[in-house]
Amino acid sequence: MSGVPETVIATPDRRLRVFVSSSLEELTDERRAVSRAISALRLTPVMFEQGARPHPPQDVYRAYLAQSDVFIGLYWQGYGQPAAGADVSGLEEEFDLSARLPRLLYIKEPAPAREPRLADLLARIRDEASVSYRYFRTPAELGRLVRDDLAALLSERFAAASPSARPAPDRSRTLRPLPASTTSLIGREQAIGEVSGLLARPGVRLVTLTGPGGVGKTRLAVAVGERLRLPFGQNTAFVPLAAVTDPGLVLPAIGRAVGAEQAGSPVEAVAERLGDDRWLLILDNLEQVVSAAADLGQLLARCPGAVILATSRTALGLRAEREYPVPPLPISAAAGPSAVPADELMASPAVALFVDRARAVRPDFTLTPGNAAAVVEICRRLEGLPLAIELAAARTRLLDPAALLARLAASLDVLSTTAPDLPERQQTLRATVDWSVSLLQDTERSLLEVASVFEHGWTIEAAAQVAGLTEDTALELSEALAQHSLISVDRGPGARSRMLETIRAFAAEKLAARPDAAQIQRRHADYYRALAEQVDPALRGPGHGQWLEQLDADVGNLTAAVRWYLSHDREPLPHLLRVLWPFWFLRDHMNEARAWTDQLLPTADSLDAPARAELLCTAAVIALERGDDSTALAARQRLAAMEDEIDDPLLHAIAQLTIAWASPITGDFNSSLLAASVALEELRSQNEPLWTALAAGSLAWQEASAGRHDDAQRHLREVRDLGEELDSAWLAAWSQVQMGTLAITQGQLDQARLLLDDALALSVGAYSTNSVTLCLIAFARLAFAEGDPERAALLAGAAEGLRRRVGLRAWPMLRQGEADLSGQIRLALGPDRFSKMTETGSRLNRQEAVAAVSHQHGLDMVSPT
C-alpha cells in the first residue's frame, strides 16, 4: 500500500472540515443529506467525489483525513473492494485512520444483504466503547441526526477546551458501564434531544423520567447517557435499583456503581468519591424507594458537579427536580390505514417499532395493505407502550397480525375486568405480559416463574438447579423464553439471563401462588450457598480475581440467600458468612455483613463449636474494621476460651489470627505476637496463601514494633511474594508500606520513599481506603523524619479524616505507633499549629490527600486558614 504523497493534496476549503466516509456504490442520497447538514452548520464537508482526481484514491482519502477535524462514517450493506495489495477496503481503512478524530457513525437499517466483512467491521465498532454510533432509515432522518450530533459535538468540544482548575478525576476503579443496547431505539430522537438539553442547562441537577412501566424510561435514560458521554467523559454511572426495596440501600448502590468505599456513612462515602467533579448518575427504577429522595437531595448539595437522571413511575418531590413524562410512542392517526401508503405508516414510531421487532423473529415480515390495518390497531390497543409492542411483535413468528389482534383483544378484555383498581396503562401492560405468557408451553411458563426468584440475572446452571432441571433442558427452555422476548440473554463470557422487572413482578406473583414456591426459594438459597462454598478455596488462592467477579455478578442472589437463611434456617449461616468474608473485604460489602453478624451473635452459645468459632471470627474481624472494640474483644475472649474445641486446622489458625488482631485492644502485645506466630506456623502447612500472608504481615508489624527488624523484614518479603502469587494489589501494597515504615525506622529515607511511592500507587489502583490511610500515615512518618513536621501533621490528619468519613478506625496493633507519632509532631509544632494542620488535613478528600503526598514544595495548596 502506498503512503501519503509528498505533494500536499489540499481539501477544497480551509474551514472546520468533516470527512464523510461510505461505500460510493450506495447511499448516494444519504451522502447528499449529510453534505447539506454539514454545510448548514457552516462547516466544510470533505468527500471523495469532490476532486483531486489526478491522484490515486488511497492517497486522496488519506490526505483528506489527515486534514480533517471530524469523521463521519455511513454504513449500510456494502463493504467495498480492497485495493491491489491491500487487506482491507478503503471503507475500513478510513475508519482505522480516523482514530485521532471525534467519530460520528451511522448505520442504515434494515440491511438484509449486508456483506459479511462489513458485518465484521460493525461488530468491531460496537465493541469499541469510545465510538458513538446510531441507526437511521431515511436520508431525511440521517440529515437531522448529523446536524444535531455535530452541533452537540462542537458545543461540547468548545466547553471542554476552556481551562479548569479541577484536578483530574480518579480512574482507579472501574465504573459500572451503561447497559449495551442489542436492539435499535425507535421514535425517541426528540426525547433524547430534549432530555439531553434539559440536563445541559445551568442549574439543572435532577431530571426524573416518569411514566408507566414498559414505556421505555430505562432505554431513553441509557440513550441520553450515551449522548452526554463527551461532556461527562468517563464519569457516567448506571445504577440499577429495581431489586432494591430498602431506601437506605440506594446510596450504597450508587457507591458501588461509582467505586466508592462501602463503609461508614453512605452519603459521606459517595460524596468522597464524587468530590467536585462532573458526574452523571443514572438511577434506574426508583419508584419503590422514592423515600430515598431526601438522601439524594443531600448528595446533590454535597457534590456540586453531580447531575442525576432518574427513572421512576412517580416523581421524587424534590425542589431541584425537573420531571420529564415519557410519552408512549405516537401512533398513526389515519382512520383507514389500508388506504395509507406503507412508507407513511412506517413514519409512525409505534408501527416502525412493531415492524422492526417482527423482522427480528421473522425476517421476511413486511407491512402490506393486507396487514397494515391490523398492525396499526395492535399498536393502538397497546397504547404505544414499547414493551407491550415488542412482546406482541415477537408473536408474529407464529401468528399473522390479524390473528394476533384477535388473541390480544380477548386477553385485554379479560384482564380489564379483573383488575379495575390498576391504572389503565398498567392493565394493558399486565394484559400483554399475561397474554404473552399464556402462549408458552407449561414447562416454559414454569421456568419463567422460577426465574423470578433470581436477583440481577442468573446462569443456565443456576436456573437448572433451582428449577430441578437438567442443564440441557434449562438451556432449551431459556432459548424459548428469549424467543418470546420474556428474558434476554447476555452472550458474553459467563453468559447470564435477565428478565425485565415488569415481567419479573408478574412471574413472581404466579410463583407465589404455586404450592412449591417455598421449595424453589429454598433451592435458590441452597444453590448460592453451595456456590460460595465452592469458590471459597479459590478466593483464598492464586487467580482469585475471576471468582471475585463471579460473586460480584451474583451479589444480589447471595444477599437474597443470606436473608432467606436468616428468616428460615440460620444453621448454615456461620460457615457461609465466614467463607464470604474475603469477598466482602475486597469488594466493599462489609456494612450489610455487620448487620447479619449482629443478628446472629445473640444465639452464638447455642451453636456447635465449629459454627460458633466461625461466627466469632467473622464478627471480630468486621468489628475490628469498624473500631467496635467491645464486640471484637468479647469475640476474642470467647475464642480463646474454646481454643481446644476447634478441630478444623484452617479454622483453628484463623481463630489464632483473630486473637492476635484483637489482643492489642487491652495492650497485650505479647499474646498478640504469640498468637500470630502460632497462626503463621499452622497456615504454612496448609497451602493457604491469603491467610498465610495476613498472618505473616501481622507478625511483621508486631516484630517491627518490638525492634526485631530482621525478623520483620523476612516476614514482609514473604507477604510480598505471596501477594505476587495471588496477583493481589492489596497484599502488595500492605507489604510495601510496612517495608517503607521499617526503612524509616532504620534511617533509610530514600529507600523508604521508593517503597511508599509504590505502595501508594498500588493502593490507589486497588481503591482501598485502608491501604491509602496506611500509606498516608507512613508518609507522615517520613515527612517528620525529613524535618517537615507541618507536612507530617497534614498527612496524619488526612488519614484520620478519611477513616472517620468511611467509618474505619486504625486496627489495635497500629494505634500505639500512630499515637506516638502524633505526640512527636505535636511537640515539634506546638499544640495550636498541630491542631490547625491536622484539621486542614482532615478536610482533604482522598484525591487531595494523595496529591498532598507528592506536593514537594510548600503547603500553599492546602494551607490552613
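The values are calculated or read from the model by the stated rules, or taken from the named source; none is laboratory data. Treat the numbers as computed from the prediction; the structure is a model and nothing was measured. All Cβ positions, even for glycine, are placed from backbone atoms using ideal geometry, and neighbour counts span all protein chains on display. Protein only, heavy atoms only, side chains kept; ligands, DNA and RNA dropped before computing areas. Shrake-Rupley method; radii C 1.70, N 1.55, O 1.52, S 1.80 Å.
Got a number for residues in the stretch 134-192 being modelled with pLDDT under 75 and either assigned to a loop (DSSP other than H, G, I, E, B) or touching a strand residue (DSSP E or B) at 6+ places or on another chain (Cβ under 7 Å) (or both)?
19
Which is hydrophobic (A, V, I, L, M, F, W, C) and not in a helix (DSSP H, G or I), of 481, 448, 469, 475?
So the residue among 481, 448, 469, 475 that is hydrophobic (A, V, I, L, M, F, W, C) and not in a helix (DSSP H, G or I) is 469.
How many residues are open to solvent by 20 Å² or more (accessible area, probe 1.4 Å) and closer than 22 Å to residue 694 by Cβ when one looks only at the stretch 597-610?
Final tally of qualifying residues: 1.
Does residue 654 meet the test of being under 23 Å from residue 610 (Cβ atoms) and of a type in the set (A, V, I, L, M, F, W, C)?
yes
What is the one condition in (1) within 33 Å of the chain's Cα centre (by Cα); (2) without any contact (Cβ under 8 Å) to a residue 40 or more places away in the chain; (3) within 16 Å of residue 651 (Cβ to Cβ) that residue 686 does not satisfy?
In the conditions (1) within 33 Å of the chain's Cα centre (by Cα); (2) without any contact (Cβ under 8 Å) to a residue 40 or more places away in the chain; (3) within 16 Å of residue 651 (Cβ to Cβ), residue 686 misses (1) alone.
Would you confirm, using the coordinates I've provided, whether residue 658 is among the hydroxyl-bearing types (Ser, Thr, Tyr) and either open to solvent by 20 Å² or more (accessible area, probe 1.4 Å) or under 24 Å from residue 680 (Cβ atoms) (or both)?
Details: among the hydroxyl-bearing types (Ser, Thr, Tyr): yes; either open to solvent by 20 Å² or more (accessible area, probe 1.4 Å) or under 24 Å from residue 680 (Cβ atoms) (or both): yes.
Here the answer is yes, as residue 658 does meet what is asked.
If residue 203 satisfies all but one of (1) modelled with pLDDT of 85 or more; (2) on the phi > 0 side of the Ramachandran plot; (3) open to solvent by less than 30 Å² (accessible area, probe 1.4 Å), what's the number of the condition it fails?
(3)
Of all the residues that make up the stretch 364-385, how many are open to solvent by less than 20 Å² (accessible area, probe 1.4 Å), in a helix (DSSP H, G or I) and not hydrophobic (A, V, I, L, M, F, W, C)?
Residues flagged as open to solvent by less than 20 Å² (accessible area, probe 1.4 Å), in a helix (DSSP H, G or I) and not hydrophobic (A, V, I, L, M, F, W, C) within the stretch 364-385 amount to 0.
Mind checking which helices (runs of 4 or more DSSP H) fall wholly inside the stretch 274-363 and carry at least 2 residues that are at pLDDT below 85 and either surrounded by fewer than 20 Cβ atoms within 10 Å (Cβ to Cβ) or of a type in the set (Ser, Thr, Tyr) (or both)?
342-345
Please go through the stretch 682-707 and pick out each residue that is over 28 Å from residue 646 (Cβ atoms) and either modelled with pLDDT of 95 or more or of a type in the set (A, V, I, L, M) (or both).
704
In the set 497, 478, which member is crowded, with 16+ Cβ neighbours inside 10 Å, among the hydroxyl-bearing types (Ser, Thr, Tyr), under 23 Å from residue 284 (Cα atoms) and within 27 Å of the chain's Cα centre (by Cα)?
Testing whether each residue is crowded, with 16+ Cβ neighbours inside 10 Å, among the hydroxyl-bearing types (Ser, Thr, Tyr), under 23 Å from residue 284 (Cα atoms) and within 27 Å of the chain's Cα centre (by Cα) leaves just 497.
Report, by residue number, each residue of the stretch 643-656 that is of a type in the set (A, V, I, L, M) and in contact with a helix residue (DSSP H, G or I) (Cβ under 6 Å, 6 or more places away or on another chain).
Result: 646, 651, 653, 654, 655.
Report yes if some residue within the stretch 757-767 is closer than 27 Å to residue 583 by Cβ and acidic (Asp, Glu); otherwise report no. Spell out the reasoning first.
From the stretch 757-767, those closer than 27 Å to residue 583 by Cβ are 758-767; that's our starting set.
If we keep only those that are acidic (Asp, Glu) as well, we get 758.
Yes; the residues of the stretch 757-767 include at least one that is closer than 27 Å to residue 583 by Cβ and acidic (Asp, Glu).
Of all residues in the stretch 695-714, which are in contact (Cβ under 8 Å) with a residue 24 or more places away in the chain and either open to solvent by 10 Å² or more (accessible area, probe 1.4 Å) or basic (Lys, Arg) (or both)?
701, 702, 704, 705, 706, 709, 713
Test of understanding: among 475, 558, 548, 481, which residue is in contact (Cβ under 8 Å) with a residue 40 or more places away in the chain and aliphatic (A, V, I, L, M)?
Just a single option satisfies the conditions, and that option is 481.
Among the residues of the stretch 229-239 satisfying the criterion of being touching a strand residue (DSSP E or B) at 6+ places or on another chain (Cβ under 7 Å) and at pLDDT below 90, which is most open to solvent (accessible area, probe 1.4 Å)?
229
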